[in-house]
Amino acid sequence: MVVVKQSFDPTAEPKRRNKGQKDKEFYADLDRAKKRFTCFSCSGCLGILILILLAAITGILFVIALTGFEVPLMTKLVYKPPTPIRVVAPAGTENIDDLIEQKLMNGLKTGKLILTEQEITAALREPSQSGELALKQGQVSIDDDQAEIYGQVTLVANQPMIVRAIVVPSRTGNSLELKKLYLGNLNLPIEIARSVAETLRMPTSLDLTPFGISGVDFQTGALSAKAILPEQE
């Protein structure tokens with residue numbers, strides 16, 4: 001029988017104690033790191049939420065300021081009153097109802113109806129037969145493919161705002177369609193534009209045949225159409 005004698009290492013026990021101590025220190029450091037990470041995460045998340053909230057509020061105020069509505073400090077920085085495509089001087093004194101009636105009577109004789117942008121501008125600035133004035137300082141400028149209706153309205157808190165509506169003839173030429181609507185400098189998405197137009201009592205699609213007008217075509221400075229007998233109600 002062979003007996004193997006194990007040699008005694010006097011440094012083994014201190015090494016084990018040192019290893020155990022290092023393990024305890026490692027886990028203690030790990031616990032402290034977890035606590036620091038947890039505290040940082042909570043405060044960090046709160047800070048991020050506050051930044052997101054501030055960014056959202058700033059964005060909303062920025063959009064409101066673009067309309068021309070008075071937002072302290074911001075409106076003066078981002079808003080410049082929009083101007084029309086070109087200034088149109090009014091010519092005539094008829095309101096819109098009388099103008100169309102007069103043009104229709106003449107048009108039925110010739111079969112053609114022409115409304116100039118100056119005549120329409122003058123008509124917009126006259127109260128209708130019901131006494132309503134749709135736009136203040138209103139005007140219409142007509143180009144080959146579209147017309148711009150420009151004027152001032154009051155929507156909120158009796159504060160005036162500038163509105164620009166871009167309208168185009170339909171494919172049949174029997175109606176006018178709203179293409180774009182600007183509130184101040186803000187180009188409204190079409191769905192929101194339709195809602196705002198309804199608030200302004202501005203039709204997003206206007207059938208002209210009940211007025212005795214069909215085949216509308218735009219040319220620079222004027223609207224031309226066929227005059228027909230108005231539909232009887």
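The values are calculated or read from the model by the stated rules, or taken from the named source; none is laboratory data. Keep in mind it's a predicted model, so treat the numbers as computed, not measured. Don't worry about glycine lacking a Cβ; one is built from the backbone with ideal geometry, like all the others, and counts go over all protein chains shown.
Tabulated data for the structure shown
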| item | result |
| --- | --- |
| Selection count, the range 62-81, where residues are surrounded by fewer than 18 Cβ atoms within 10 Å (Cβ to Cβ) and at positive phi | 1 |
| Residue that is farthest from the chain's Cα centre (by Cα) [pool: residues in the range 175-212 that are among the aliphatic types (A, V, I, L, M) and assigned to a helix (DSSP H, G or I)] | Ala197 |
| Enumeration of residues in the range 153-174 that are of a type outside the set (Lys, Arg), at pLDDT 90 or above and part of a strand (DSSP E or B) | Ile162, Val163, Ala165, Ile166, Val167, Val168, Pro169 |
| Number of the condition not met by Gly215 [criteria: (1) within 15 Å of Glu148 (Cα to Cα); (2) modelled with pLDDT of 85 or more; (3) surrounded by fewer than 18 Cβ atoms within 10 Å (Cβ to Cβ); (4) more than 12 Å from the chain's Cα centre (by Cα)] | (1) |
| Which numbered condition Leu113 fails, given (1) part of a strand (DSSP E or B); (2) under 24 Å from the mean Cα position of the chain (by Cα) | (2) |
| Restricting the range 125-152 to residues that are of a type in the set (A, V, I, L, M) and modelled with pLDDT of 85 or more, the residue that is farthest from Ala165 (Cα to Cα) | Ile142 |
| In the range 97-114, the residues that are of a type in the set (A, V, I, L, M), at pLDDT 75 or above and either surrounded by 15 or more Cβ atoms within 10 Å (Cβ to Cβ) or touching a helix residue (DSSP H, G or I) at 6+ places or on another chain (Cβ under 7 Å) (or both) | Leu99, Ile100, Leu104, Leu113, Ile114 |
| Condition met for Leu133 (in contact (Cβ under 8 Å) with a residue 40 or more places away in the chain, farther than 17 Å from Ile85 by Cα and of a type in the set (A, V, I, L, M)) | no |
